[in-house]
1. Could you list all residues from the stretch 173-195 that are modelled with pLDDT under 80 and either assigned to a strand (DSSP E or B) or farther than 18 Å from Asn112 by Cβ (or both)?
2. What's the total number of residues in the stretch 31-72 that are within 20 Å of Leu223 (Cβ to Cβ) and among the polar types (S, T, N, Q)?
3. Check Asp172 against each of (1) surrounded by 15 or more Cβ atoms within 10 Å (Cβ to Cβ); (2) of a type in the set (D, E, K, R); (3) under 20 Å from Asn121 (Cβ atoms) and name the one condition it does not meet.
4. With the checklist (1) assigned to a loop (DSSP other than H, G, I, E, B); (2) modelled with pLDDT under 90; (3) surrounded by 15 or more Cβ atoms within 10 Å (Cβ to Cβ) in hand, flag the one item Asn233 doesn't pass.
5. Restricting attention to the stretch 43-52, does a residue exist that is of a type in the set (A, V, I, L, M), modelled with pLDDT of 95 or more and within 19 Å of Leu118 (Cα to Cα)?
6. Within the stretch 1-111, considering only helices (runs of 4 or more DSSP H) that don't extend past its boundaries, which have at least 1 residues that are buried (at least 24 other Cβ atoms within 10 Å of the Cβ) and charged (D, E, K, R)?
7. Can you name the number of the only condition in (1) surrounded by fewer than 19 Cβ atoms within 10 Å (Cβ to Cβ); (2) under 16 Å from the mean Cα position of the chain (by Cα); (3) not in a helix (DSSP H, G or I) that Asn121 fails?
Amino acid sequence: MTQKTALVTGGSSGIGRATALKLAGAGYTVAVCGRRMDALEETIAQGKDLPGTIIASAADVSDAASVEALFTDLKERLPRLDVLFNNAGVSSPSTNFGDVTFDDWRRVMGINLDGMFLVANNAYRWMRDQEPQGGRIVNNGSISAYVPRPGSVCYTASKHAVTGLTRTISLDGRIHNIACGQIDIGNAASDMTAHFDKGLPQADGSVKPEPTMDVDHVANAVLQMAELPLNANVQFMNIMARDMPFIGRG
């Protein structure tokens, strides 16, 4: 068997970087993509002593031509694609639905949904056409794929849509030996959650701090999903800070 390969989008920070390092630590050749090459090179630097190898290619996942160029580049540098961690995403400030603009909506949807589709679609075709056929796609959903926070219509709608994308890829991929699952994450410590200890709007109108968990737990979970044989699949996994407001009354 050749060395396993993986692509991690949003690999320049947070969950993406932690997962890229975890996969490289398990011996994978990992391609990371993001908009800023300097940040991607920092991911490479952090993984320089790991058993696997990390390479980088800058791309804007919301732009179809940029994603196509990304895959053209990676096909010249990698022998195949075994795993995609479809991770890139953005949030938006808490905004009551009546004050959300169409520009706000399109910015979030462009990355969180269009980007997820474009990357998964290109990865699917690569996995379908390579020999031996097959691979695994892991989409980054969110607790917001189940329930919203106040003032989060763009993010919540995008993550609900990711669930539909995951289910359909999972079904269509069976005939091509492609497995697709989703990891739904709650409050992993990263730049995106750095302000959570200062308080977040709650459903009762209050603002309360929320706990976070080490991002390494997410990376371990993605690695566990990636390492399954292709005839097994984690369809959906929730991993979250235990005491965050999700289960029960919160």
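1. Ala194, His195
2. The number of residues fulfilling the criteria is 3.
3. (1)
4. Single failed check for Asn233: (2).
5. Within the stretch 43-52, none of the residues are of a type in the set (A, V, I, L, M), modelled with pLDDT of 95 or more and within 19 Å of Leu118 (Cα to Cα).
6. 14-25
7. Here Asn121 meets the rest and fails (3).
The values are calculated or read from the model by the stated rules, or taken from the named source; none is laboratory data. Since the model is a prediction, treat every value here as computed from it, not as a measurement. No Cβ is skipped: glycine too gets one built from the backbone with ideal geometry, and neighbour counts run over all protein chains shown.
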